[in-house]
Each structure stands twice: as structure tokens, then as C-alpha cells.
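Right, one structure below, let's go through it.
Values in this text are rule-based calculations from the coordinates and carry no lab data. Keep in mind the model is a prediction, meaning the values are calculated, not measured. Glycine gets a Cβ as well: all are built from the backbone with ideal geometry, and neighbour counts include every protein chain shown.
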Amino acid sequence: MTSHRDGVSIRRAVPADIPRMAELIAGATLPPLFIAEFLDGFAVGERNGDVVGCGGIEMYGTSAVIRSIVVDERMRGTGLGRRLSELLMADARAAGATDLYLFTADAHDFWQHLGFADITFDDWKPEARVNWQFQFLSQNAELVGGGIFTMWRAA
């Protein structure tokens, strides 16, 4: 667990966090799917006993897919999203990831500042294509043209 001057501590997610994480994720118009299945890859930001942010990684061989980085509206602009993202990228590297992938609509500039670049579906390593988001979006490519970006950076 890490603490910060804003009173937010970051810790590993536990099963009791799933309902609040799903609420945050859905509130950001992201799909609150497969949280329990990938719970080991999730972290949460907590302030005064309330989960105010979350995010996760899914590992596929040497590829990691970052997902569901969400910060409660009251905590936006505090750096919590960046702290969660950096922790998850470090987790991915520690787990052997050489490539990091993600999808974003609203946070394109944020991810560019963290070194991510736009890529196409064809640029994804085959092992990472097992990811459920990749499967759905690659089969519904018109959604990607509608403001959803696929991005990559070296781990």
C-alpha cells in the first residue's frame, strides 16, 4: 500500500471492492466486465474508506493490457490516475511484460503523455489478441473509428 499527501492510499483490490469498482467503471461509460476474473491485476485508490479510483492489467504472455483506469470525479486532477497507471505499468514489467496495450476514448492525451502511441489492430502481438476487449472491438471496428483508440508502448 502506498499513501499520498491527498489522503489517498493505493492498494491491491479485494473481492469486496468489486461492486464499487464496477460502479466507477460503468460511470465512466466503460464496460464493467471480467473484474472478478482479473482481480489479481487490479489496484484501487482509497480515501477515508471509499474506493475513489481503480485500474487493472491483464497479462497475456509478455503482453499486458491496461484497463479500466477510472478516478471518481471528486478526485480528478489530483494525479491519482497517473499514480494508478504507473503502478500498473510497473506491475506489468515485474510480471514479464515487454509490450503494453490499451483502448481509450476520453483519455487519449493522458496516455500519449505516458508514452503510448496509436496503433492498429494488426499491430497487436498475437498473444495479446486473446484479450476480450480486443476480440470485441476488432470484430466491431466501426466503434474504433468512432473515437476509440488502440494504443501501445514498450513496457
Top of ASP122, ASP106, ASP91 by mean-square fluctuation, Gaussian network on the chain, Cα under 10 Å: ASP122
Amide hydrogen neighbours beyond the local backbone of ASP72, cut-off 5 Å, H modeled: GLY53
Cα gyration tensor, the stretch 72-155 - rounded (a/c under 1.5), prolate or oblate: oblate
Given charges at beta-carbon only (K, R positive; D, E negative), |dipole| of the stretch 28-154 in Debye: 240
Estimated vicinal HN-Hα couplings, Hz - the stretch 64-81 in sequence order (Karplus 6.51, -1.76, 1.60; Gly, Pro = x): 10, 10, 7, 8, 6, 6, 9, 10, 3, 3, 5, 10, 5, x, 8, x, 5, x
Prolate/oblate/rounded call for the stretch 109-155, Cα gyration tensor, a/c under 1.5 rounded: oblate
Long-range HN-HN contacts of ALA13 with modeled amide H, under 5 Å: PHE42, ALA43, VAL44
Exposed trypsin sites (Lys or Arg not before Pro) absent - longest run of the chain, DSSP non-H/G/I/E/B, at most 15 other C-beta within 10 Å: 77-155
Selected from GLN133, ALA97, GLY79, residue furthest toward positive end of dipole (the chain; charges at beta carbon): GLY79
Residue-wise HN-Hα coupling along the stretch 109-121, computed from phi with Karplus coefficients 6.51, -1.76, 1.60 (Hz; x: Gly, Pro): 4, 4, 5, 4, 5, 8, x, 7, 10, 5, 9, 9, 4
MRE, 222 nm, helices only [DSSP H, n ≥ 4, -39500 (n - 2.57), over the chain, to nearest 500]: -7500 deg cm²/dmol
Whole-Hz ³J(HN,Hα) from phi, Karplus 6.51 cos²θ - 1.76 cosθ + 1.60, for the stretch 86-99, glycine and proline x: 5, 4, 5, 5, 5, 4, 4, 4, 5, 8, x, 5, 10, 10
